[in-house]
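Have a look at the structure below, then the notes.
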């Protein structure tokens, strides 16, 4: 699992870690049932505090993306069938914030989406 953390970013490290794991799932580099590195190992590999990794893993468990098993954590085998209303509100707020930022900086939101999709497609594993 390739994790890229920007230590100069204003985005908290645990949030970056959550996003990187979700990105790995979305791109297929992390498969359902696949174990995640132990909290201690991932913290050591990245050079961050183990409490930061633990916080990220706990958030992913709360979202149903990851499950806690006897020996650590693994990618959930299924996406939760029903996303909670509270989580949908959080997602909508994030989208609203992005749209507002795009408007403030006079950016074309559709162009941004195309660039984001193109970037992700460039990272998709090839068969």
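The values are calculated or read from the model by the stated rules, or taken from the named source; none is laboratory data. In this text the structure is predicted, and so the values were computed from the model without any measurement. Note: ideal-geometry Cβ built from the backbone for every residue, glycine included; neighbour counts use all protein chains shown.
With respect to residue 55, is the statement that it is under 14 Å from the mean Cα position of the chain (by Cα), assigned to a helix (DSSP H, G or I) and under 14 Å from residue 1 (Cα atoms) true? When the stated conditions are applied, residue 55 does not pass them. The single residue among 120, 88 that is within 16 Å of residue 29 (Cα to Cα) and at pLDDT below 85 turns out to be 120. Report yes if some residue within segment 51-65 is closer than 22 Å to residue 116 by Cα and modelled with pLDDT under 90; otherwise report no. Within segment 51-65, none of the residues are closer than 22 Å to residue 116 by Cα and modelled with pLDDT under 90. Surrounded by 11 or more Cβ atoms within 10 Å (Cβ to Cβ), out of contact with any helix residue (DSSP H, G or I) (no Cβ under 9 Å at 6 or more places or on another chain), farther than 16 Å from residue 23 by Cα and without any contact (Cβ under 8 Å) to a residue 60 or more places away in the chain: is that true of residue 69 in this structure? It is true that residue 69 is surrounded by 11 or more Cβ atoms within 10 Å (Cβ to Cβ), out of contact with any helix residue (DSSP H, G or I) (no Cβ under 9 Å at 6 or more places or on another chain), farther than 16 Å from residue 23 by Cα and without any contact (Cβ under 8 Å) to a residue 60 or more places away in the chain. Any residue at all in segment 6-29 that's buried (at least 16 other Cβ atoms within 10 Å of the Cβ) and not in a helix (DSSP H, G or I)? No, the conditions are met nowhere in segment 6-29.
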